[in-house]
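Take a look at the structure below.
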Amino acid sequence: MASNNSLIGGESSTYKISDRVVLVQVLVPVFLCINFLLITTFFMKDFFYTTMRYMLFANTLLSDCLFLLMTDILLILSYFHFTIQMWLCLVIYIVLSLYTFVTPVTLTAMTLERYVAICMPLRHIELCTTRSALRCVLIIHGLSSVPCIVVLSIFFASATHRFYTQGRVCSVQIFILHSWQSHLRSAISQFYFLIMCITIVFSYVKIMKVAKAASGENKTSTSKGLRTVILHAFQLLLCLIQLWCPLIEAAVLQINVILFINVRYFNYITFILAPRFLSPLIYGLRDEMFFQELKYYALCDLYKKQSLDLF
């Protein structure tokens, strides 16, 4: 009954939702273009793709691009009520479920890398090699796939063969067949939340102790590392709150559908788009070496275009 009322809710509510969809279609391409420029810069210099922190940064950029592209597709499909077969929806769900966790887990790994660089400088070269970075990326994807594997294992055991050939509007909630599945998914998300928070706090406290004891150039370097960890913590907090969003949205849906739409849109902008806009800021602009290379390639391309226009 509530869903029927929401559909009849009037032109003004539909117009607002339409404006929101248009806004997302503007923000996502802008984000993807910025990330494409950063990824291009990453592959232009050997130092970047042989250094652990930049490799993890690139992993975050690629993860964010794929995640936002898929969420945007899902948003458009849901808004226009396009139905697709469940096997295709399943593929979308697997990608979204995996990359929901890849970014926060990678941020945690980047924080640990800064902890090793500042608190264990003599072992940093030994521990943070190119091979270690590649292994770390594999471990990140392995850890991020655990929640997806758990939910899908239960789903495969419960769903019938006919379910996969049905045409429905794709939604994550489709794969939650029992209420206890939602509780299990929530418990796993909260466990990840707890572990990542402990890691961030531990790294922050250790780096702060080193910052107080440091002097001169070491103090400047350590303070910069401390600020980076704080930004990671803020970015990670937004990503981790995203793990709580399904619980909040499910509770709001029981109250009012229009309120549910408003809350879901707010969550998407604040806890999905916003933290992924911070990645270019933290490493793309704050990192002096990366910023210089980014500026060089951007201005070089601009200069080449101007030279061609003159001829």
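The values are calculated or read from the model by the stated rules, or taken from the named source; none is laboratory data. Note that this is a predicted model, so its numbers are computed, not measured. Every residue, glycine among them, receives a Cβ derived from its backbone with ideal geometry; neighbour counts consider all protein chains shown. Accessible surface areas use protein heavy atoms only, side chains included; no ligands, DNA or RNA. Shrake-Rupley method; radii C 1.70, N 1.55, O 1.52, S 1.80 Å.
Residue-wise test of (1) over 24 Å from residue 63 (Cβ atoms); (2) at pLDDT below 75; (3) among the polar types (S, T, N, Q).
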{"residue": "172", "(1), (2), (3)": "no, yes, no"}
{"residue": "198", "(1), (2), (3)": "no, no, no"}
{"residue": "211", "(1), (2), (3)": "yes, yes, no"}
{"residue": "215", "(1), (2), (3)": "yes, yes, yes"}
{"residue": "224", "(1), (2), (3)": "yes, yes, no"}
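Within the stretch 141-181, count every residue that is part of a loop (DSSP other than H, G, I, E, B) and open to solvent by 60 Å² or more (accessible area, probe 1.4 Å). Final tally of qualifying residues: 3.
Does at least one position in the stretch 5-12 carry a residue that is assigned to a helix (DSSP H, G or I), at pLDDT below 80, open to solvent by less than 70 Å² (accessible area, probe 1.4 Å) and closer than 25 Å to residue 264 by Cα? So far as the stretch 5-12 goes, yes, one or more of its residues are assigned to a helix (DSSP H, G or I), at pLDDT below 80, open to solvent by less than 70 Å² (accessible area, probe 1.4 Å) and closer than 25 Å to residue 264 by Cα. Residues in the stretch 79-91 that are surrounded by 14 or more Cβ atoms within 10 Å (Cβ to Cβ) and either in contact with a strand residue (DSSP E or B) (Cβ under 6 Å, 6 or more places away or on another chain) or not hydrophobic (A, V, I, L, M, F, W, C) (or both): 1 in all. Whether any residue in the stretch 109-123 is open to solvent by less than 20 Å² (accessible area, probe 1.4 Å) and among the acidic types (Asp, Glu) is what I want to check. Yes, the stretch 109-123 has at least one match.
Among the listed residues 138, 194, 184, 134, identify the single one that is closer than 30 Å to residue 51 by Cα, open to solvent by 30 Å² or more (accessible area, probe 1.4 Å), part of a helix (DSSP H, G or I) and in contact (Cβ under 8 Å) with a residue 24 or more places away in the chain. Explain how you work it out, then say what you get.
Values: 138 fails: in contact (Cβ under 8 Å) with a residue 24 or more places away in the chain; 194 fails: in contact (Cβ under 8 Å) with a residue 24 or more places away in the chain; 184 fails: closer than 30 Å to residue 51 by Cα.
Among 138, 194, 184, 134, only 134 is closer than 30 Å to residue 51 by Cα, open to solvent by 30 Å² or more (accessible area, probe 1.4 Å), part of a helix (DSSP H, G or I) and in contact (Cβ under 8 Å) with a residue 24 or more places away in the chain.
Scanning the stretch 174-187 for residues that are at pLDDT below 75 and over 12 Å from residue 158 (Cβ atoms) yields 179, 182.
For the stretch 49-65, check the following and say yes or no: at least one residue is open to solvent by 50 Å² or more (accessible area, probe 1.4 Å), closer than 21 Å to residue 277 by Cα and out of contact with any strand residue (DSSP E or B) (no Cβ under 7 Å at 6 or more places or on another chain). Steps first, please.
So the first thing to find is which residues in the stretch 49-65 are open to solvent by 50 Å² or more (accessible area, probe 1.4 Å), and the list is 49-50, 53, 62.
Among the residues that remain, those that are also closer than 21 Å to residue 277 by Cα are: 53, 62.
Going one step further and asking which of them are out of contact with any strand residue (DSSP E or B) (no Cβ under 7 Å at 6 or more places or on another chain), we end up with 53, 62.
Checked against the condition, which is being open to solvent by 50 Å² or more (accessible area, probe 1.4 Å), closer than 21 Å to residue 277 by Cα and out of contact with any strand residue (DSSP E or B) (no Cβ under 7 Å at 6 or more places or on another chain), the stretch 49-65 yields at least one hit.
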